[in-house]
Amino acid sequence: MSTATIVDVVGTARDRVDGRLKVMGAATYPIDVTLPGLAHAVLVQSTVTSGRIRQIAVDAAEGIPGVLAVITHLNAPTLPRAPMTPLGPSPMPPLQSDAVLHYGQHVAMVVAETLVQAQEAAALIEITYQRDTPVLSFDDPRTSAVSHPWIPDQVRGDVTRALAAADVKVVATYTTVENTNNPIGLFATVAVWDGDALTVHDTTQWPHGVRDSLATAFGIDPGGVRVLVPFVGGAFGAGLRVWPHVTLAALAARVAKRPVKLVLTRAQMFTSVGHRPNTIQQLSLGASRDGRLTAVDHVAASSIGMADELLNPITTGTPESYACPNVSARATQVRLSIPTPGWMRAPGEAEGSFALESAIDELSYALGLDPIELRVKNHAKVNPQTGLPWSSNALLDCYRQGAERFGWAARNPKPRSMRKGHLLVGYGVARASLTAYQPPCKAVASIRRDGTAFVRSGATDIGTGTYTVMTMLAADCLGVPIERVRFGLGDSAMPNAPQEGGSGLTGALGNAVQTACVNLVRAFVNRVSDDEASPLKGCRLEAVTVRDGGIQITDDPARFETYADILTRHRLDEITIEAESAPPGETSSATMIASAGRFVPFTAPSTGARAHAGAFAAHFVEVHVDPDLGTIRVARVVSAVDGGRILNPKTARNQIIGGIAGGIGMALLEETVSDRTGRLATTSLAEYVVAVNADVRDVDVLFVGQPDSMTPLGTKGVGELAITGMAAAIANAVYHATGTRVRSLPISIEKVLGHKSSSMQAPSTR
Ligand code: MOS
């Protein structure tokens, strides 16, 4: 037998394994699911912002042919609140009282044979409300800022004294507006009961969360609930919480004794699946004349619904951002009569980094220092909050290599000094980082007698490339050709997986998949350890190489046997191994990782020896601003990214481009607008403007850095990195182009031209 050639697919740019299915229209999203006897549910939502339902007339609706049920708070069963999640409480269950807490709250549901019947009946429901005056402003005396329940104030040194003593200071207030997640896939739930067993096809980033939530709502065993979502259709964080409409779809199916489909309309998406809440942030920076940061004070307030809790880490990244001896970071929340917020792409960190990185830019002008030089000067060589060395940190390479690729040296530091024809040209930069996050995750790996591998976990692929990178990883770890590896996800009957969120799934799931696959090879090796008929008899995992669907003694290529042959001889259909990812910094000395077909020991530095670093990036932006019209084009972006080990440069690059597109939208376009009564004005993609291809031009992504040392896989998670810091990089470029500092997002034409406009007062009133 010839010498094995091991070609690791991990690290190579690969197309999506599910790409063909998607472009052929053969990928089944929850909205596509149809079943015999399927009935349809339509939601009726509150047209007032605050108050009580005084009367609700359903007779006309019930008289429509085909109507199977009309459910309101008057006849809905008690639905217990879903269990506490690792990320905080779930939203309140629907239809539990006459109270209206926000515009667009679900107040009734019609179930009918056809969608049109349900829509017609829903339109005939007449509701009279007792209206109260909604609380819509941070300044409303009926509300006040409350401490964030899960985010403690982070303090080091004495920021007040340091600010008083600083040579140079920047004190500024930044605001961000509400943004709404707008995945193209409308959120849909199809529910089917079989006795007390419930199957649900649901647009979610977290099948096991939906399973547990529905089990609580209906008082049934979680084992009796199955949640399926092989394809998501985009979510951007909207699928991280289990929203009331999911419970309502299951309730509809229970009452109608039929399978029921519930699809949110685009308008309903704006009030039903969360949004990025608005923020007001005060940043105070102090520095010595030579540009050393001496004080960073970050105070943030964000909005929250009247009866909900949301973890919103606006300021948590700040203390770790720069080597500064005196730092204070605190976040509060203000209860308003707004639809329940949720998480949207780098929740908190996207908003917080806008304020911090804008203020750092302002400081660079106050000091007369290049903005990159200022950042390099204050680079945190160790974690400044704990003093521990980073598990990996290539941020300085991001600055250096990114600046070179971008051509930063051509920048004239003087604002409004660069032109291209008639247009003002600005260069801006910002730092980005994302907190490391790896929740527990399980995976199962099997090799079958036909030589194929099937690896699976109850995770999701929200478009990030999970199917693809996990297939690649399993192929390498098992030495099975990638065409013979299938990766399964999107099914709560598979092993427990966390949400695809917090940029944590590739790490969590990848470490579980790698462990399962290594242990599966070990199981094959053990199986033949005393098998006289096997050329592998007596071998150890350390001494083998996997390739071509089998195992070889590394030093003796002739001693090779396929998995299929081993299974056949041992009369086994398959060998299956389940494994769980080790928490970061907690691998045992027996942990082995697969590398180029071989298995090598891996020991992570303990969490007490190293600070687990998330991903880092530096964004470089060129904007073109029309000095007469105030129109802004993001002409060019270079993002230099330390994402640790990159499993697939193509899908990772896609993630960065997507984040940049989201950042361009956040900086320039996106704004969820309500009128003075709290009713939503932006209810379609015509009114809520997101970045399209014409807005996202020349984007260049380069990856720098090394695999992170804290986990066997070495990834860091790049999903939400690029939107972090992006709005600041654009705002900083706009300032450089025009000399106008815009501290409130989105950066509109009026703001650039320096006109006072109503939107400049946002967001103290919604
Ligand atoms: Mo992201 S907001 O954690 O899907």
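The values are calculated or read from the model by the stated rules, or taken from the named source; none is laboratory data. What you see is a predicted model, and the numbers here were worked out from it, not measured in a lab. Methodologically, a virtual Cβ is constructed for each residue, glycine included, from the backbone with ideal geometry; neighbour enumeration extends over all protein chains shown. Areas reflect the complete protein model, heavy atoms only, side chains present, ligands, DNA and RNA absent. Shrake-Rupley method; radii C 1.70, N 1.55, O 1.52, S 1.80 Å.
Using a 1.4 angstrom probe on the protein heavy atoms only, line up MET306, MET24 by accessible area, largest first. Intermediate values should be presented prior to the final figure.
Details: MET306 65, MET24 125 Å².
From most accessible down to least: MET24, MET306.
Dividing the mean sequence gap of close Cα pairs (under 8 Å, 6+ apart) by how many residues region 179-219 holds gives a relative contact order of 26 percent.
Peptides 589-596, 699-706 ordered by packing proxy, namely the average of other Cβ atoms within 10 Å per residue, highest first: 699-706, 589-596. Taking all protein chains as they are arranged and a probe of 1.4 Å, the heavy atoms of ILE657 leave approximately 40 Å² accessible to solvent.
Take 627-637, 79-89, 195-205 and order them by the average number of nearby Cβ atoms within 10 Å per residue, most first; the result is 195-205, 627-637, 79-89. From the largest down, region 415-521 spans 69, 28, 22 angstrom on the principal axes of its Cα atoms. Solvent-accessible area of LYS537, all protein chains in place: 80 Å² (probe radius 1.4 Å, heavy atoms, ligands and nucleic acids excluded).
For ASP573 and GLN282, calculate 0.36 nm times their separation in residues minus their Cα-Cα distance, and state this gained length in nm to one decimal.
Between ASP573 and GLN282, full extension yields an extra 98.4 nm.
The simple Förster model, with R0 at 51 Å and r as the Cβ-Cβ distance, assigns ALA164 and THR607 a FRET efficiency of 0.90. Counting only lysines at least 8 places from LYS751 when in the same chain, those with an alpha carbon closer than 21 Å to its own are LYS414.
When region 60-207 is described by a simple charge dipole with +1 on each Lys and Arg Cβ and -1 on each Asp and Glu Cβ, the residue from GLY88, ALA191, THR176 located farthest towards its positive end is THR176. Contact order, relative form, for region 493-611: 25 percent (alpha carbon pairs under 8 Å, 6 or more residues apart, mean separation divided by residue count). Setting aside same-chain residues fewer than 8 positions from LYS22, which lysines have a Cα under 19 Å from its Cα? Counting by Cα, and skipping residues close in sequence, LYS22 has these lysines nearby: LYS650.
Assign one of three labels to region 664-727, namely rounded, prolate or oblate, based on the Cα gyration tensor with a ≥ b ≥ c the square roots of its eigenvalues; rounded applies when a/c is under 1.5, prolate when it is not and a/b is larger than b/c, and oblate otherwise. The shape class here is prolate. What would the Debye equation give as log₁₀ I(q)/I(0) for region 527-576 at q = 0.16, 0.18, 0.22, 0.25 Å⁻¹, counting only Cα atoms as equal point scatterers? After summing over all Cα pairs, the log10 values are -0.40, -0.51, -0.76, -0.97. For a modelled paramagnetic label at ASN75, 7 Å from Cα along Cα-to-Cβ, the residues of region 88-122 in reach, with backbone nitrogen under 14 Å, are 108-112, 122. Pairwise Cα distances in region 587-741 exceed 20 Å for 60 percent of all pairs. Give a quick list of GluC sites (Glu not before Pro) in region 585-688 that DSSP marks as loop, anything other than H, G, I, E or B, with at most 16 other Cβ atoms within 10 Å. Answer in residue order: GLU586, GLU687.
Evaluate the relative contact order of the chain (contact order divided by residue number), counting alpha-carbon pairs under 8 angstrom at least 6 apart; express in whole percent. Don't jump to the answer; show the numbers that get you there.
Details: 2024 pairs, mean separation 125.3, N = 766.
16 percent.
The largest-to-smallest principal axis extents of the Cα set in the chain are 85, 76, 49 Å. FRET efficiency for the ALA13 to ALA694 pair, using the beta carbon distance and R₀ = 22 Å, is estimated at 0.25. Which FRET efficiency, nearest 0.05, do ALA681 and THR562 yield, Cβ-Cβ r, R0 60 Å? With R0 = 60 Å, the Cβ-Cβ based efficiency is 0.40.
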